[in-house]
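Participant: Below is the structure I would like to discuss, written out as structure tokens.
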Amino acid sequence: MGARVLSGRRMSHWIGIISLFPEIFGPFLNAGVLGRGIKKGIIGVDLWNPRDYTDEPRRSVDDKPYGGGPGMVLKAQPLGDAIKAAKSDKGEDCHVIYLSPQGRQLTQNMLHQFLDKERIILVSGRYEGVDERLIESSVDEEISMGDYVLSGGEVPAMAFLDGLSRLVPGVVGDDISVENDSFSNGLLEYPQYTRPTIWDGKPVPDILTTGDHKKIDEWRKTQALGRSFERRPDLFGNKRLTEEEKRLFEKYLEISKQERTDR
Ligand SMILES: C[S@@+](CC[C@H](N)C(=O)[O-])C[C@H]1O[C@@H](n2cnc3c(N)ncnc32)[C@H](O)[C@@H]1O
């Protein structure tokens, strides 16, 4: 019994995942940026299977819902004991999140705030969800990945872990790329291009091949403002523009007006 330990020794952030399907996480935890963060020992991840904590002889972790209705509900006892085991290993102050479509919808801002919590336990539900009493007694908050329903909390747990670990200093090689990511400054990111300069008859915008970094920076800022305005008026409306951004946005509006007239 106990966690499958994947954590590094010098880690600054630790995530415990409670899941009936720990095997799903294997390749994910070894790949890419997150895999590097774990190997470097910056991020620690341990997995706990509630099936290892059931007090039932047949190791069952679910049962029919009281009051009738379809499906099965995850029992409070195995989940509660898995959380207790994780806390007794890592400390009572672990922040416990139940991944649930009924929770607060995750945003980039919230991920930045979760950086303050060094130890987080993510509880993945399955079936019809978990016994409400477990949420009341052992969960600090519920977090949702969006207004849609998935079969389990494992994919949301991966999304949370991936999003959070990108923000932990030292995990993403070039810290600048995180700063420029969509949402980090309240806007979508500018469009990206790579070689070749012409693909499928479409050239890369000329400015990007001039080597003029000041102009490239202005172009990117203008694109980010324009994209956010067109695609996410909700985001754009909440963004406080600097004087430079106001000027660039005016320029963007002028260019798009001109383009519409030319068409
Ligand atoms: C089929 S869902 C249960 C949905 C539940 N019957 C309801 O309507 O609220 C099974 C599990 O998947 C996870 N899940 C599903 N959709 C999710 C979402 N949008 N965000 C986070 N977790 C989700 C939760 O852990 C949930 O317990």
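The values are calculated or read from the model by the stated rules, or taken from the named source; none is laboratory data. All values reported here derive from a predicted model rather than from experimental measurement. We place every Cβ from the backbone using ideal geometry, glycine too, and count neighbours over all the protein chains shown. Only protein heavy atoms, including side chains, enter the accessible area calculation; ligands, DNA and RNA are left aside. Shrake-Rupley method; radii C 1.70, N 1.55, O 1.52, S 1.80 Å.
Participant: How large is the dipole of the chain about the Cα centre if only Lys and Arg carry +1 and Asp and Glu carry -1, each at its Cβ, rounded to the nearest 20 debye?
Facilitator: 580 debye
Participant: Follow-up question, since we're still on this one. Identify which of 235, 164, 29 has the largest mean-square fluctuation in a Gaussian network model of the chain, with springs joining Cα atoms closer than 10 Å.
Facilitator: Among 235, 164, 29, the largest GNM mean-square fluctuation belongs to 235.
Participant: With θ set to phi - 60°, apply the Karplus curve 6.51 cos²θ - 1.76 cosθ + 1.60 along the range 186-196 and write out the HN-Hα couplings as whole Hz, x wherever there is a Gly or Pro.
Facilitator: Per residue, the Karplus-derived 3J(HN,Hα) values read x, 10, 7, 6, 5, x, 10, 9, 9, 4, x Hz.
Participant: If I histogram all Cα-Cα distances within the chain using bins 10 Å wide from 0, what percent of pairs lands in each bin?
Facilitator: Histogram of Cα-Cα distances, whole percents per bin: 6, 24, 27, 19, 14, 8, 2, 0.
Participant: If I model a spin label at residue 33 and residue 107 as a point 7 Å from the Cα along the Cα→Cβ vector, what separation in nanometres do I get?
Facilitator: Each label point is offset 7 Å from its Cα along the Cβ direction, giving 2.0 nm.
Participant: A further question on this structure: Which pairs break 28 Å Cα to Cα here: 202/246; 40/75; 202/239; 40/117; 40/90?
Facilitator: Beyond 28 Å: 202/246; 40/75; 202/239.
Participant: With all protein chains present, how much of the accessible area of the range 198-262 (probe radius 1.4 Å) comes from carbon and sulfur, to the nearest whole percent?
Facilitator: For the range 198-262, the apolar C and S fraction of the accessible surface comes to 50 percent.
Participant: Most mobile of 131, 174, 162 per a Gaussian network model of the chain (Cα springs, under 10 Å)?
Facilitator: Answer for the Gaussian network model of the chain: 174.
Participant: With angles folded into 0 to 90 degrees, how steeply does helix 213-231 sit against the dominant principal axis of the chain? Use alpha carbons for both and round to 10.
Facilitator: The helix 213-231 is inclined about 60 degrees to the chain.
Participant: Further question on the same structure: HN-Hα J couplings of the range 108-123 from phi, Karplus 6.51/-1.76/1.60, θ = phi - 60°, integer Hz, Gly and Pro as x?
Facilitator: 4, 4, 5, 4, 4, 5, 5, 4, 5, 9, 7, 10, 10, 10, 9, 9
Participant: Further, regarding this structure: Does anyone have the angle between helix 76-90 and the longest principal axis of the chain? Alpha-carbon axes, 0 to 90°, nearest 10?
Facilitator: So the inclination is approximately 70 degrees.
Participant: Looking at 237, 71, 95, which one has the Cα that reaches farthest to the positive end of the dipole of the chain (charges on Cβ: Lys, Arg +1; Asp, Glu -1)?
Facilitator: Positive-end residue among those listed: 237.
Participant: Leaving out ligands and nucleic acids, and using a 1.4 Å probe, what accessible area per residue does the range 4-167 come to in Å²?
Facilitator: With the other protein chains kept in place, the range 4-167 gives 51 Å² per residue.
Participant: In degrees between 0 and 90, to the nearest 10, how far off the longest principal axis of the chain does helix 243-262 point, with axes built from Cα atoms?
Facilitator: 70 degrees
Participant: Another one. So, in Å, what gap is there between the alpha-carbon centers of the range 91-115 and the range 184-263?
Facilitator: So the separation of the two Cα centres works out to 32 Å.
Participant: Please work out whether the range 198-262 counts as rounded, prolate or oblate from its C-alpha gyration tensor, where a ≥ b ≥ c are the square roots of the eigenvalues and a/c under 1.5 means rounded, while otherwise a/b larger than b/c means prolate and anything else oblate?
Facilitator: Verdict is prolate for the range 198-262.
Participant: Using DSSP, restrict attention to beta bridges with both residues in the chain and report what percent are antiparallel, rounded to the nearest 5.
Facilitator: Bridges in the chain are about 25 percent antiparallel.
Participant: If I build a Gaussian network model for the chain, linking alpha-carbon pairs within less than 10 angstrom, which residue out of 149, 139, 33 has the largest mean-square fluctuation?
Facilitator: Result for the chain, Cα springs under 10 Å: 149 fluctuates most.
Participant: Report the extension gain between residue 52 and residue 243 in nm, rounded to one decimal, defined as 0.36 nm multiplied by the number of residues separating them, less their alpha carbon distance.
Facilitator: Between residue 52 and residue 243, full extension yields 62.9 nm more.
Participant: Nothing charged except the Cβ atoms of Lys and Arg (+1) and of Asp and Glu (-1): what's the magnitude of the dipole of the range 1-143 about its Cα centre? Round to the nearest 20 debye.
Facilitator: 720 debye
Participant: What is the set of long-range amide H partners of residue 232 at a cut-off below 5 Å, with H atoms built 1.01 Å from backbone N?
Facilitator: none
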